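This report refers to the structure that appears directly beneath it.
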Amino acid sequence: MRESEALYNPFVQLAIGAVFWTATIMYVCFAQSAPAVTADCLNVLFTPWNILADLSGLPRAPHLSP
């Protein structure tokens, strides 16, 4: 198996995902700056929804502050 093919292996993808989500959860739970960073990330994710809401009249997502 070549190196590039390893990323298509579902077990490798599962392992990478588990490491990523474990690190993310640990950061959110233990870092003092996590609330601010989490709020900023969610605000970035809400931006497309808010643009769509402004154009269509749907309710806007909340703006989060730490």
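Brief remarks on what is shown
- Computed from Cα positions, the angle between helix 34-56 and the longest principal axis of the chain comes to roughly 60 degrees.
- Of (i) 3, 15, 13, 13, 12, 12, 14, 10, 4, 2, 0; (ii) 4, 18, 32, 27, 14, 4, 1, 0; (iii) 4, 17, 26, 20, 13, 9, 5, 3, 1, 0, the label for P(r) over Cα pairs in 5 Å bins from 0, in percent derived from the coordinates: (i)
- Calculated [222 nm] ellipticity per residue, helices only, for the chain: -24000 deg cm²/dmol; basis is -39500 (n - 2.57) per DSSP H run with n ≥ 4, divided by all residues, nearest 500.
- Loop-located chymotrypsin sites (Phe, Trp or Tyr not before Pro) in the chain whose Cβ has at most 10 other Cβ within 10 Å (DSSP): TYR8
- Share of carbon and sulfur in the accessible area of the chain stands at 72%, probe radius 1.4 Å.
- In the complete set of protein chains, residue-level accessible area for SER4 is approximately 70 Å², probe 1.4 angstrom.
The values are calculated or read from the model by the stated rules, or taken from the named source; none is laboratory data. Owing to the predicted nature of the structure, the values given are computational and were not obtained by experimental measurement. Every residue, glycine among them, receives a Cβ derived from its backbone with ideal geometry; neighbour counts consider all protein chains shown. These area figures cover heavy atoms from the full protein model, side chains too; ligands, DNA and RNA do not enter into them. Shrake-Rupley method; radii C 1.70, N 1.55, O 1.52, S 1.80 Å.
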